[in-house]
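**Q** I have a structure here, written as structure tokens, and I will follow up with some questions on it.
The values are calculated or read from the model by the stated rules, or taken from the named source; none is laboratory data. Keep in mind it's a predicted model, so treat the numbers as computed, not measured. Cβ coordinates were reconstructed from backbone atoms using ideal geometry, including for glycine residues, and neighbour counts include every protein chain displayed. All accessible areas refer to the heavy atoms of the entire protein, side chains included, with ligands and DNA or RNA removed. Shrake-Rupley method; radii C 1.70, N 1.55, O 1.52, S 1.80 Å.
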Amino acid sequence: MLSISNLGITFTQYDQGLRRKQLTVITDLDLTIQAGEVVAVMGASGSGKSLLAHALLGILPDNAQLSGTMEFQGEPLTPKRCEALRGKAIALIPQSVGYLDPLMTVGRQVQRVGQLNGLSSGAARTLANRTFARYDLPPTTRQRYPFQLSGGMARRVLVSTAVLTQAQLVIADEPTPGLHPDVVTETLNHLRELAREGRGVMLITHDIEAALQVADRVAVFYAGTTVEIAAAEDFARGNLRHPYTQALWRSLPQNDFVPVPGNQPSPENLPVGCLYRDRCAWVTSECEQARPELRFVRQGWVRCIHAER
Amino acid sequence: MDMQLRSVFTFVARKLLRLGLLLLAVAIFTFVLLSLSPIDPVQAYIGADMMQISSEQRQLIAERWGLDQPMIIRFWDWLGQLVQGNWGTSMVFNQPVSEVIASRFWVSLPMLAIAWLLSGILGLGLGILSGALAGSWIDRVVRLYAYTLASSPTFWVALLLLIVFSVALRVTPICCAAPPGILAADVTLWQHLHHLLLPAIALSIIGIANIALHTRQKLIDVLHSDYILFARAQGESLWGVVRHHGFRNLILPALTLQFASLSELFGGSVLVEQVFAYPGLGAATVQAALRSDVPLLVGIVFFSALFVYTGNTLADLTYPIVDPRIRLGGWQT
Ligand code: SF4
């Protein structure tokens, strides 16, 4: 349903004076999502996860240029098509209530989503009420303002905004941090439910455990590139291909609990060759020659020339 | 509900206390200034007949008025009279000060009101337009207009309008609040409007610039917020965003600014009424000052303090009324 290949995002910035600077924040990013599937997009902050979501919705700032291809339901996602599809075929579940208008009741805001999808205001209100009921939100919730919602209620309201639409692709941006474990499970179950309805779900997160709890496949991002796309079971089975993914897996408390040393390279000075080379234990001189291609290894995709070892 | 009532009560009490303190401070300040000023009250009272009065007679008047008393006693006497509502008699108009202020203020009020509404509505509209289209040529035109006006003196703008519309185009009267030679009772509503239109526009033009620039900046901030990003992700268009979210979020600072602008409006009216010879409170202020009409001047000082304070209080009140975060989350937060 969604297929992204070799996506690149570059920002044009002006330094002091009028010197133009090109800042490449995403390079060679690949991802596919099928209908009915939850794909976790995992990476540290600055790995380009949120930018990918903004690119799909066509809400990147004006100084961003795209390269590569994005296809949605077999047709390329042009800026024009993004504009037509956003909020209708592609919906976003934002990170927090900070993404709701602070001065509008949540009932009106959810109703507005229905209206933007072509419903009359009466029909939109009915649908909003039904959606609130589906998520066990008491009827009084409609009159509340965002600042009056508890963490769990806020999550359900935010999910409601996407459920209301007919969207085939739902993008959930960091839905779990700072939540009570029960609420995390509940939120992830909501996402699973959306997939069961036949929608494709993209779960953007930096929380491996949350990702593995719900996702069918996991795409690991590093410094704006996809380093590995693995099935969720591959993690527990030890069938991981990329050294970064393996290091992330080992960093979990229930595993070795060793943090991954070093930092992601900043977009200002990306290394030549493999982007992971300065932190990689397997690095050889070959790795410094060129960016590794994405290859199909042991039923998964990986961007490492030594992945077979 | 009980809690709300209590907080409303404390709010009112606090505001009144502050008003009292403000007026007391104004009283002390005015009194000291006048005591130190070169205006001799006896001379100001008697005027041109001063030469015909002997120094004994002057002494007598001074004693009768208590001018020989120490300053602090005179101050208490004076304050007592003020509190009882005795504001003295205006020497220029030969009428009780309170009457002069009341009648003059009624003449100024429609002009102030029109100027106030006009600057609010036009300022808001222009601000929204240029904020939403920030960077476009429309935005540049609005900004140029606003910066030019914000830096041009009120009386200059007033003169310019007078020259263009009254002298060159002859579409508006050149002075006053009504056509000359007509009894006040016979002046029609249309004539009233006709005469106050140009002063009101002159007065509003300055306010427009300020409000437009603030609204523009606020809208730009709002448009860069997370909730606007989300609204756009939901498929809202630029004007949909402005209508459903932008307006809601910028009306509060705009209203605050609008009420706070009452002070500038009052100050501006002094100059504008002078240029248009519009017989309102502003013109009376100038006359009182030029002809050392101390009682009237004092009265106007107090009145304007009250006027400005009311504006600021209304500005404070808009928050708890308009913003649900304060309305529902308790007044003090
Ligand atoms: S290509 Fe080389 S440097 Fe990059 S991850 Fe593989 S082994 Fe490490």
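**Q** Enumerate the helices (runs of 4 or more DSSP H) found wholly within segment A:105-165, keeping only those where 2 or more residues are surrounded by fewer than 22 Cβ atoms within 10 Å (Cβ to Cβ) and within 12 Å of chain B (Cβ to nearest Cβ).
**A** A:106-116
**Q** For B:Ile174, indicate whether it is assigned to a loop (DSSP other than H, G, I, E, B) and among the aliphatic types (A, V, I, L, M).
**A** Against the criterion (assigned to a loop (DSSP other than H, G, I, E, B) and among the aliphatic types (A, V, I, L, M)), B:Ile174 qualifies.
**Q** Tally the residues that are part of a helix (DSSP H, G or I), surrounded by fewer than 21 Cβ atoms within 10 Å (Cβ to Cβ) and at the interface with chain A (Cβ under 10 Å from one of its Cβ atoms), restricting the search to segment B:231-240.
**A** Adding up the residues that qualify gives 1.
**Q** Kindly provide the set of residues from segment A:178-206 that are in contact (Cβ under 8 Å) with a residue 40 or more places away in the chain and either touching a His at 6+ places or on another chain (Cβ under 9 Å) or within 19 Å of A:Leu252 (Cα to Cα) (or both), ordered by number.
**A** Matches in segment A:178-206: A:Ile204, A:Thr205, A:His206.
**Q** Take segment A:30-48 and flag every residue that is open to solvent by 10 Å² or more (accessible area, probe 1.4 Å) and not in a loop (DSSP other than H, G, I, E, B).
**A** Within segment A:30-48, A:Asp30, A:Thr32 qualify.
**Q** Just give me the residues in segment B:126-144 being open to solvent by 40 Å² or more (accessible area, probe 1.4 Å) and in contact (Cβ under 8 Å) with a residue 24 or more places away in the chain, in sequence order.
**A** Of everything in segment B:126-144, those that are open to solvent by 40 Å² or more (accessible area, probe 1.4 Å) and in contact (Cβ under 8 Å) with a residue 24 or more places away in the chain turn out to be B:Leu126, B:Ala134, B:Arg143.
**Q** Moving to a separate point now. In this structure, is B:Arg140 assigned by TED's automatic domain parsing to the domain that holds B:Phe266, basic (Lys, Arg) and closer than 30 Å to A:Thr165 by Cβ?
**A** no
**Q** Right, next: If A:Val97 satisfies all but one of (1) at the interface with chain B (Cβ under 10 Å from one of its Cβ atoms); (2) at pLDDT 90 or above, what's the number of the condition it fails?
**A** Unmet for A:Val97, out of (1) at the interface with chain B (Cβ under 10 Å from one of its Cβ atoms); (2) at pLDDT 90 or above: (2).
**Q** Being open to solvent by 50 Å² or more (accessible area, probe 1.4 Å) and more than 7 Å from the ligand (Cβ to nearest atom) narrows it down to one of A:Pro265, A:Pro259, so name that one.
**A** Result of the check over A:Pro265, A:Pro259: A:Pro259.
**Q** May I ask you to verify whether B:Arg216 is assigned to a helix (DSSP H, G or I), within 14 Å of chain A (Cβ to nearest Cβ) and either in contact with a Lys or Arg (Cβ under 8 Å, 6 or more places away or on another chain) or closer than 22 Å to B:Ser269 by Cβ (or both)?
**A** Taking the combined requirement at face value, the residue does not satisfy it.
**Q** Of the conditions (1) under 19 Å from A:Gly224 (Cα atoms); (2) within 9 Å of the ligand (Cβ to nearest atom); (3) open to solvent by 90 Å² or more (accessible area, probe 1.4 Å); (4) in a loop (DSSP other than H, G, I, E, B), A:Val272 clears all except one; give me its number.
**A** The failed condition is (2).
**Q** Moving to a separate point now. Taking the conditions exactly as written (within 19 Å of the chain's Cα centre (by Cα), within 14 Å of another protein chain (Cβ to nearest Cβ), crowded, with 19+ Cβ neighbours inside 10 Å and not polar (S, T, N, Q)), does A:Val170 satisfy them or not?
**A** yes
**Q** Now for a separate question. Which members of segment A:13-29 meet the condition of being assigned to a strand (DSSP E or B) and open to solvent by 20 Å² or more (accessible area, probe 1.4 Å)?
**A** Passing the criteria: A:Gln13, A:Tyr14, A:Arg20, A:Lys21, A:Gln22, A:Leu23, A:Thr24, A:Val25, A:Thr27, A:Asp28.
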